[in-house]
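> Got a structure for you, written out below as structure tokens; questions coming shortly.
The numbers here are math on the coordinates, done by the rules we state, and not lab data. Bear in mind that the values here come from a model prediction, so they are computed numbers and not experimental data. In this analysis, Cβ positions are derived from the backbone assuming ideal geometry, glycine residues included, and neighbour counts consider all displayed protein chains.
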Amino acid sequence: MTTISITTYGCAMNQSDSERIAGILKENNFEISDDGEILIVNTCSVKTPTEKKIIKKLKELEILGRNVIVTGCLPAADSSIVNKFKNFSFIGNNIIDIVDAVKSISEGKRFIKLSGLKNKFCIPGIRQNPVVEIVPIAEGCLGSCSYCQTRLARGNLHSYPTDEIVRQIQNAVSSGVKEVWITAQDTGAYGIDTGENLPDLLERICEISYDFRVRIGMMNPNHVLDFLDELISVYKNDKIYKFLHIPVQSGDDKILRDMKRDYKVEDFKRIVEEFRNNFDITISTDVITGFPTETEKEFENTLNLIKEIRPDVLNISRFWPRPGTSAEKLNQHHGRVTKSRSRRMNNLFGELGLEQNRKWVGWRGRALVSEKTENGFCARNFAYKPIILKSKENLFGRSVDVKITDSTYYDLRGEII
């Protein structure tokens, strides 16, 4: 029996694709192992450093003479990679074709097919984490961001049917899953192409009668504005983690226009304010430092916005030009500028993140243990705050009473009570 290994880079959508790849292969009598004869590398194209890391790994595998299938966003967004690794096989996000790719390699042939079936709900998956079900609700997006390569890889928005999403979650939680991740390139865009919307979908999910929690993935501000009151209403359900991932990318309206983001800074601030007025909530946002047209003053506007908003989670991306995007054609800042701005933003958040997390010290309550760590476990409370626990007991998959005793800028430290 041919054995296969899967290495995954990137977002929750990629993790879900890898789980489905494993499911397809198992159904076709292939064995998934840690050191397979064939290695599948599921790639990400969002950031240049990630791409460089992947390319370095592929070169190492090429030197070793390994049988490799490259999948995911990198070949889907930029087909030139096919000619850089002439001994490897390639598919894009058309994961249903993985069986044909494996069979071709087994027969000593190369397989290349970079597009195909997008509806993946008919595909079974094998969970990497038995406690967590990753549920894609849509693929692609409606945006035209000047810096982003993902749309080239994932295409236009394609929302999956509500009934199919609810059925997948029903089956997962009935089998013991405790945490559901709702994911898409932009969860806020869900249903715009089908006449549905995210709040209505979440209402349906919350009607499922099992004890589980839902983490909602990233949503862009312009879509949230269309149903802000309805979204806040459904967030009041105890099944929904009080966690909002809403990227701002820049604290300056001119830069947002240059990025082709369809909202203003005040829109973002209004959304955050409305959520904080209703909940003790974890706010996660994203910023890009060193966009080509960003001046020092415009960067300082972003610094000031982060000081004002004081997010709990900040994903900082140093700007890198991505092939095929309009921002690639702009005059670029020198690397020392983007690096300096990234460092300054990181230093700021190191202080703010620690201050935000210190507020939780002394908190007591229930938390779901959903991850194993190197030295213990990671639990999540109602606000999806990561709480590191040490225990000789196997806490995995259990809800436990905890007390927060300490914090870093990144996580909380707790003990069982």
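> Starting from the Cα gyration tensor of region 364-416, take the square roots of the eigenvalues, sort them a ≥ b ≥ c, and report rounded, prolate or oblate (rounded when a/c is under 1.5, otherwise prolate if a/b is larger than b/c, else oblate).
Working: a/c = 1.44, a/b = 1.19, b/c = 1.21.
Note, shape of region 364-416 comes out rounded.
> Please identify the trypsin sites (Lys or Arg not before Pro) of region 1-88 that satisfy two criteria: DSSP loop assignment and at most 10 other Cβ atoms within 10 Å. Which are they? Could you put the intermediate results ahead of the total?
Values: sites: Arg20, Lys26, Lys47, Lys52, Lys53, Lys56, Lys57, Lys59, Arg66, Lys84, Lys86; in loops: Lys47, Arg66, Lys86.
Counting only loop positions with at most 10 other Cβ atoms within 10 Å, the trypsin sites (Lys or Arg not before Pro) in region 1-88 are Lys86.
> By its C-alpha gyration tensor, with a ≥ b ≥ c as the square roots of the eigenvalues, how is region 295-417 shaped: rounded for a/c under 1.5, else prolate for a/b larger than b/c, else oblate? Before the final figure, lay out the partial values.
On the way: a/c = 3.39, a/b = 2.19, b/c = 1.55.
Taking the square roots of the gyration eigenvalues as a ≥ b ≥ c, region 295-417 is prolate.
> Still on this model: Out of Gly365, Gly92, Ile55, whose Cα points farthest toward the positive end of the dipole of the chain (charges: +1 Lys, Arg; -1 Asp, Glu; placed on Cβ)?
Of the candidates, Ile55 comes out farthest on the positive side.
> Roughly how many debye, to the nearest 20, is the charge dipole of the chain about its Cα centre, given +1 on each Lys and Arg Cβ, -1 on each Asp and Glu Cβ, and no other charges? Display every interim value, and only then the final one.
On the way: 59 positive and 56 negative charges, 263 e Å.
It works out to roughly 1260 debye.
> Arrange the following residues from fewest to most other Cβ atoms within 10 Å of their Cβ: Ile95, Ile112.
On the way: Ile95 25, Ile112 16.
Placing the least packed residue first, the sequence is Ile112, Ile95.
> Right, another one. Simple spin-label model, 7 Å along Cα-to-Cβ: Asp411 to Asp35 in nm?
For Asp411 paired with Asp35, the spin-label model returns 2.8 nm.
> Next question. For region 277-288, what does the Karplus curve 6.51 cos²θ - 1.76 cosθ + 1.60, with θ = phi - 60°, yield as ³J(HN,Hα) per residue in whole Hz, taken in order and with x for Gly and Pro?
5, 9, 9, 7, 10, 8, 9, 10, 9, 10, 9, 10
> Among Asp226, Asp211, rank each residue by its count of other Cβ atoms within 10 Å, from fewest to most, as a rough exposure measure. All intermediate terms of the calculation are to be shown ahead of the outcome.
Working: Asp226 14, Asp211 10.
Listing Asp226, Asp211 from fewest to most nearby Cβ atoms yields Asp211, Asp226.
> ³J(HN,Hα) across region 158-172 via Karplus (A = 6.51, B = -1.76, C = 1.60, θ = phi - 60°), whole Hz, x for Gly/Pro?
After applying 6.51 cos²θ - 1.76 cosθ + 1.60, I find 9, 7, 7, x, 4, 4, 5, 5, 4, 5, 4, 5, 4, 5, 5 Hz.
> Along the charge dipole of region 364-416, Cβ charges K/R +1 and D/E -1, which of Ser399, Cys378, Ile388 sits furthest on the positive end?
Farthest towards the positive end: Ser399.
> Near the amide H of Ile40, under 5 Å away, which other amide H atoms are found, from residues 5 or more places off or on another chain, if H is placed in the peptide plane?
Sorted by chain and number, the residues that satisfy this are Ser5, Ile6, Thr7, Ile69.
> What spacing in nm lies between the two simple spin-label points modelled at Lys339 and Arg310, each 7 Å away from Cα in the Cβ direction?
Label-label distance for Lys339 and Arg310, simple model: 3.3 nm.
> Could you work out how far the C-alpha centroid of region 1-75 sits from that of region 189-217, in angstrom?
Region 1-75 and region 189-217 have Cα centres spaced 30 Å from each other.
> Here's something else I'd like to know. For Phe319, Phe291, which order do you get if you count the other beta carbons within 10 Å of each Cβ and list the fewest first?
On the way: Phe319 23, Phe291 26.
Lowest to highest Cβ neighbour count: Phe319, Phe291.
> Beyond 21 Å between alpha-carbons counts as too far, so tell me which of Lys47/Lys178; Lys52/Lys339; Lys52/Lys264; Lys264/Lys339; Lys47/Lys103 fall in that bin. List each step's numbers first, then the result.
Details: Lys47/Lys178 31 Å; Lys52/Lys339 17 Å; Lys52/Lys264 33 Å; Lys264/Lys339 26 Å; Lys47/Lys103 32 Å.
Lys47/Lys178; Lys52/Lys264; Lys264/Lys339; Lys47/Lys103, as the Cα separations exceed 21 Å there.
> Val99 to Ile55: FRET efficiency via 1/(1 + (r/R0)^6), r the Cβ-Cβ distance, R0 22 Å, to the nearest 0.05?
Values: r = 26 Å, r/R0 = 1.19.
Between Val99 and Ile55 the formula returns 0.25.
> Moving to a separate point now. Return the sequence-ordered ³J(HN,Hα) values of region 65-71 in whole Hz as given by the Karplus equation 6.51 cos²θ - 1.76 cosθ + 1.60 applied to θ = phi - 60°, using x for Gly and Pro.
Ordered by residue, 3J(HN,Hα) equals x, 6, 7, 10, 10, 9, 10 Hz.
> What shape does region 132-358 have by the C-alpha gyration tensor, where a ≥ b ≥ c are the square roots of the eigenvalues, rounded means a/c under 1.5, and otherwise prolate means a/b greater than b/c and oblate the rest? Working shown, then result.
Working: a/c = 2.10, a/b = 1.53, b/c = 1.38.
Note, shape of region 132-358 comes out prolate.
> How far apart, in nanometres, would the label points at Phe396 and His158 be if each is projected 7 angstrom from Cα along the Cα-to-Cβ direction?
Taking the simple label geometry, Phe396 and His158 are separated by 3.4 nm.
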